[in-house]
1. Tally up the carbon and sulfur contribution to the accessible surface of segment 60-247 as a whole percent, 1.4 Å probe, everything protein left in place.
2. Which distance in nm do the two modelled labels at Asn171 and Ala87 give, with both placed 7 Å along the Cα-to-Cβ direction?
3. Quote to one decimal, in nm, the extra length available between Thr71 and Trp133 on full extension: 0.36 nm per residue of separation minus the C-alpha distance between them.
4. Determine the per residue accessible area of segment 60-247 with all protein chains present and a 1.4 angstrom probe, expressed in square angstrom.
5. Rounded to the nearest 0.05, what FRET efficiency is calculated for Ser232 and Arg99 with R0 set to 22 Å and r the Cβ-Cβ distance?
6. Based on Cβ point charges of +1 for Lys and Arg and -1 for Asp and Glu, what charge dipole magnitude is obtained for segment 60-247 about its Cα centre, in debye rounded to the nearest 20?
7. On a 1.4 Å probe surface of the protein chains, which of Met210, Met108 comes out largest in accessible area, and what is the full order?
8. State, as an integer percentage, the relative contact order of segment 60-247 based on alpha-carbon contacts under 8 Å between residues 6 or more apart.
Amino acid sequence: MSSLLLPRRRLLCMAAAGAGAGLLAGCNALSNREGFLDVLSVAEPLNRNVQRFLSGDRLVREYPASMISPTFRPNGTISPQTPEYLALKAQGFAGYQLRLRGLVERPMEFTLDALRALPARTQITRHDCVEGWSVIGQWTGVPLAQLLGLSGIKPAAKYAVFHCFDDLSSNGGRYYESIDLRDALHPQTIAAYALNGAPLPIANGAPLRMRIERKLGYKQSKYVHTIELVDSYAQFAGGKGGFWEDQGYDWYGGI
Ligand SMILES: Nc1nc2c(c(=O)[nH]1)N[C@H]1C(S)=C(S)[C@@H](COP(=O)(O)O)O[C@H]1N2
Ligand SMILES: [Mo]
């Protein structure tokens, strides 16, 4: 069955329902909100629509455990040195909280224990960096659709922005990224706290990083502390929606 044939409203409900039965209430609240999906479709620039047409709302391939790479090669920041990160690291991340902010009905915070207590998704996927290498790893985390089902989504929200702890260019800025809500609600978009069955290593984004499986490596934010829903990402840093986008990389970053 081709997912392209299903109405978009149905697809969003499937994304939310895939994250756990408790989400159906949030899903109904979302799909009942008049105009929400219409706003999304009008706002999507042409190239995004072309990529969507080619890829649909498909799931990316998931691999058998036998294909997991012996080491998940780290890239970019591998040991954040910002004061706020070093303070959390010194306590073994015990004080960590993921914050949901911006255009949500209810701002929320989740400790790592609270995240681990929610229904989890585990997926073995391939990570493709634009530098030309790939690795396969097993990720475990909470579907973002589930978290947004709990916080609610205000009708004006169009993008999820991921705010990170690290200062990759050592200029006082922080790594950040953004995706549209359709990718945010995709069933394989998870906030991951484990890699290959062990707590996420620092090099790979501890204590929490995003996996957005239809995207290139630079869209996979590590060291995430806040997820903010917005109607525009122009207000952040260079205004192009991400650390590498501000250096000229493509915002959509699809694979
Ligand atoms: N916060 C943060 N996230 C980041 C980066 C980074 O430097 N800082 N690098 C990106 C790039 S270019 C890649 S390829 C992947 C690497 O993830 P890994 O270190 O787990 O391999 O993380 C992405 N997310
Ligand atoms: Mo990358």
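The values are calculated or read from the model by the stated rules, or taken from the named source; none is laboratory data. This one's a predicted model, so the numbers in the text were calculated from it and none came from an experiment. So basically every Cβ, Gly included, is an ideal-geometry build from the backbone, and we count neighbours across all protein chains shown. For the accessible areas, the whole protein counts, side chains as well, though only heavy atoms, and no ligand, DNA or RNA atoms are used. Shrake-Rupley method; radii C 1.70, N 1.55, O 1.52, S 1.80 Å.
1. 53 percent
2. Label-label distance for Asn171 and Ala87, simple model: 2.6 nm.
3. Contour length minus Cα-Cα distance gives 21.0 nm.
4. 39 Å²
5. 0.65
6. Dipole magnitude for segment 60-247 comes out near 320 debye.
7. Met108, Met210
8. About 26 percent, as a whole number.
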